[in-house]
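**Student:** Below are the structure tokens for one structure; questions will follow.
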């Protein structure tokens with residue numbers, strides 16, 4: 001629920017701090033994944049409400065989740081690549097592989113959503129698997145990727161990342 005003081009507070013421009021924005025987006029992704037799991041658990045009791053919650057969470061994932069992946073893969077990873085050790089390069093490659101795997105899981109989840117309630121068991125399994133995959137992925141990014149960005153990227157590079165992130169959201 002939105003508090004009244006939040007309605008009148010000046011908007012926080014998190015895109016001016018792109019690494020902080022990415023970390024904050026991780027929390028929003030985790031929240032949506034939890035919602036997807038809980039909605040699956042509640043589907044038989046309240047199918048209409050659960051379907052609405054699922055669609056809202058999917059709208060977030062379709063837009064913000066996709067933008068988040070693009071922010072990392074098109075803006076952050078290429079700038080980091082210039083200064084990484086072999087071990088760090090392997091870490092980034094692993095994150096990219098995680099993205100592809102998560103995209104495939106999400107595609108399967110969307111197919112299960114389209115076939116609810118017949119596909120409820122598949123939906124529940126896929127939602128839980130996505131939450132699990134993302135939990136490990138996000139933990140790695142929070143612990144290592146953000147630290148790499150803070151260590152390697154210059155203020156000018158961070159400003160470039162910020163501009164690119166803004167451009168994606170206004171295109």
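Just so you know, all these numbers are worked out from the coordinates, no wet-lab data involved. If you're wondering where the values come from, they're calculated on a predicted model, not measured in any experiment. In this analysis, Cβ positions are derived from the backbone assuming ideal geometry, glycine residues included, and neighbour counts consider all displayed protein chains.
**Student:** Determine, for each peptide in 156-163, 124-131, the mean count of other beta carbons within 10 angstrom over its residues, then list the peptides with the highest first.
**Tutor:** The densest-packed peptide leads the list: 124-131, 156-163.
**Student:** Let me ask something else. What do you get for the angle between helix 120-140 and the principal long axis of the chain? Use alpha-carbon atoms, 0 to 90 degrees, nearest ten.
**Tutor:** It works out to around 20 degrees.
**Student:** Rounded to the nearest 500 deg cm²/dmol, what is the calculated helix-only ellipticity per residue at 222 nm for the chain, with -39500 (n - 2.57) per DSSP H run of length n ≥ 4?
**Tutor:** Result for the chain, helices only: -24000 deg cm²/dmol.
**Student:** For all pairs of alpha-carbon atoms in the stretch 79-164, what percent lies in each bin of width 5 Å, listed from the first bin to the last filled one?
**Tutor:** 3, 13, 18, 17, 15, 11, 9, 7, 5, 2, 0
**Student:** For helix 18-42, report the angle its Cα long axis makes with the longest principal axis of the Cα atoms of the chain; keep it between 0 and 90° and round to the nearest 10°.
**Tutor:** 10
**Student:** Let me ask something additional. Would you mind checking the tilt of helix 47-60 against the longest principal axis of the Cα atoms of the chain, expressed as 0 to 90 degrees and rounded to 10?
**Tutor:** That helix lies at roughly 10 degrees to the long axis.
**Student:** May I ask you to derive the relative contact order of the chain, considering only C-alpha pairs under 8 Å and at least 6 residues apart, and to give it as an integer percent?
**Tutor:** It comes to 36 percent, rounded to a whole number.
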